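Each remark here refers to the structure printed beneath this line.
The values are calculated or read from the model by the stated rules, or taken from the named source; none is laboratory data. Remember, it's a predicted structure, so these values are computed and weren't measured experimentally. Virtual Cβ from ideal backbone geometry, glycine too; neighbours counted across all protein chains shown.
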Amino acid sequence: MKKLLFVTLFVHVAFLSPILANANDPPILKEVHQKIIEEFQRIDAAMKNTAHKLSTSGLTGDGARSYLAELCEKFTFTIDCSAVNSKGTIVTVEPSPHRHLEGTDISTQEHVKRIIKKHKPVMSYVFKAIEGFDAVVLEYPVFNPHGEYIGYVGLFFKPETFFAQILTPLMKSIPVDILVMEKGGRIIYDTDISEIGLNLFTSPSYQSYSQLQKLGRRIAATKEGNGGYQYKVHGENIVAMKNAYWKSVNLYGTEWRVVGVHVEKAKSGSKMKQDRFKDCKETTGKPRYCSKNHRFYCTSIPEISSWSAKNLIHSLVLGLRWRKQDRLRWD
């Protein structure tokens, strides 16, 4: 009997594995992920082109101002663009409202130290800018015609503005929340703006949600995956089960985790059982099992795309066990 059970499970899982693989990549998350990559590629090309122009014009003067202004105009989320010399001093800034920053020494900032040391492009972590707000800066090295490092071109922006502008058109009427997290746990974008700037591992708001923090550490440690956790629902005084799927984006060696979250809004009591029995019966005519947490598992292939592999195997085991009894059981 044990051998028969193992073979049956193996056949079912092997047959369904392509469907399960697709289930791990919700279409909206793939679309968001691709959109961010495309925007990163566009930024990288523009930064490289500006650095090349500054290599001949130098970091100061009318030519430098023109090239920096042109770079800023390409991206509506940009705050300012700057040229910083090899010692870490801002020498030119555009647009004009930010020119008061010229002459400022920023050599003690962690990302500035990185590019001065390695002469390679850098995307900073979110940091407190000298203007007083949290931001990210992209830095691309500039070399003179003799190949000597003379400084870098910087593009300065708020990540929440960056994501809001490129993701809002994609997210209309879709019941999925998107958040973006640094590997250290800092949330740099969330459709719930009250979460932006919090740290998943250290902020008091999350200390009572151990499932969320455990999943957060998985997200930080792995480039992509999925998992579930319980957390409060934005705008409602309830805690619900949420399903999270994530992928990664990388620019200049800095990674961000892009997470799609869908809320399972459960009803309560016998009404929920009746509705789920009805849904399952209308889908396949053969409901097999409803567990103590009121999940139901149908036998229709189209429905499998919303399952996790763990729930599928769980339902197969219990379905085989109870098929012998030829009846539906509610725990």
Inset, instruction - Please indicate, with yes or no, whether at least one residue in region 187-197 is touching a strand residue (DSSP E or B) at 6+ places or on another chain (Cβ under 9 Å), in contact (Cβ under 8 Å) with a residue 40 or more places away in the chain, surrounded by 20 or more Cβ atoms within 10 Å (Cβ to Cβ) and not hydroxyl-bearing (Ser, Thr, Tyr). - result: yes
Inset, instruction - Could you check, for region 101-110, whether at least one of its residues is over 24 Å from Val258 (Cβ atoms) and assigned to a strand (DSSP E or B)? - result: yes
Legend entry - Residue pairs meeting the criteria (Cβ under 9 Å; at least 6 apart or on separate chains; first on the phi > 0 side of the Ramachandran plot, in region 98-109; second among the hydroxyl-bearing types (Ser, Thr, Tyr) and surrounded by 13 or more Cβ atoms within 10 Å (Cβ to Cβ)): Gly103/Thr89
Inset, instruction - Determine which single condition Ser173 fails, assuming it passes every other condition in (1) of a type in the set (Ser, Thr, Tyr); (2) under 30 Å from Leu29 (Cβ atoms); (3) touching a Pro at 6+ places or on another chain (Cβ under 6 Å). - result: (3)
Legend entry - Condition check for Pro141: within 22 Å of Cys72 (Cα to Cα) and either in a strand (DSSP E or B) or not hydroxyl-bearing (Ser, Thr, Tyr) (or both): yes
Legend entry - Residues (within 19 Å of Gly228 (Cα to Cα), among the small types (Gly, Ala, Ser) and within 16 Å of the chain's Cα centre (by Cα)) located in region 174-211: Gly185
Inset, instruction - Out of the residues in region 228-239 that are in a loop (DSSP other than H, G, I, E, B) and aliphatic (A, V, I, L, M), state the one that is surrounded by the most Cβ atoms within 10 Å (Cβ to Cβ). - result: Val233
Inset, instruction - Could you check, for region 62-71, whether at least one of its residues is surrounded by fewer than 19 Cβ atoms within 10 Å (Cβ to Cβ), of a type in the set (S, T, N, Q), under 24 Å from Glu148 (Cβ atoms) and assigned by TED's automatic domain parsing to the domain that holds His111? - result: yes
Legend entry - Hits in region 152-210 (condition: within 23 Å of Gly253 (Cβ to Cβ) and basic (Lys, Arg)): Lys158, Lys183, Arg186
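Quick check on this structure: which one of Val84, Val91, Val137, Val112 is under 22 Å from the mean Cα position of the chain (by Cα), surrounded by 15 or more Cβ atoms within 10 Å (Cβ to Cβ) and in contact (Cβ under 8 Å) with a residue 12 or more places away in the chain? Don't jump to the end; show me each part of the working.
Details: Val84 fails: under 22 Å from the mean Cα position of the chain (by Cα); Val91 fails: under 22 Å from the mean Cα position of the chain (by Cα); Val112 fails: under 22 Å from the mean Cα position of the chain (by Cα).
That would be Val137, the only listed residue that is under 22 Å from the mean Cα position of the chain (by Cα), surrounded by 15 or more Cβ atoms within 10 Å (Cβ to Cβ) and in contact (Cβ under 8 Å) with a residue 12 or more places away in the chain.
Yes/no matrix, rows are residues, columns are (1) on the phi > 0 side of the Ramachandran plot; (2) at pLDDT below 85; (3) in a loop (DSSP other than H, G, I, E, B):
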| site | (1), (2), (3) |
| --- | --- |
| Asn226 | no, no, no |
| Met241 | no, no, no |
| Trp246 | no, no, no |
| Trp256 | no, no, no |
| His262 | no, no, no |
| Met272 | no, yes, no |
| Cys280 | no, yes, no |
| Thr283 | no, yes, no |
| Pro287 | no, yes, yes |
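Scanning for something in a loop (DSSP other than H, G, I, E, B) and either touching a residue at least 12 places away in the same chain (Cβ under 8 Å) or surrounded by fewer than 17 Cβ atoms within 10 Å (Cβ to Cβ) (or both), does region 213-221 turn up at least one residue? Steps first, answer last, please.
Start the filter on region 213-221 by keeping residues that are in a loop (DSSP other than H, G, I, E, B), which leaves none.
The answer is no, given that none of the residues of region 213-221 is in a loop (DSSP other than H, G, I, E, B) and either touching a residue at least 12 places away in the same chain (Cβ under 8 Å) or surrounded by fewer than 17 Cβ atoms within 10 Å (Cβ to Cβ) (or both).
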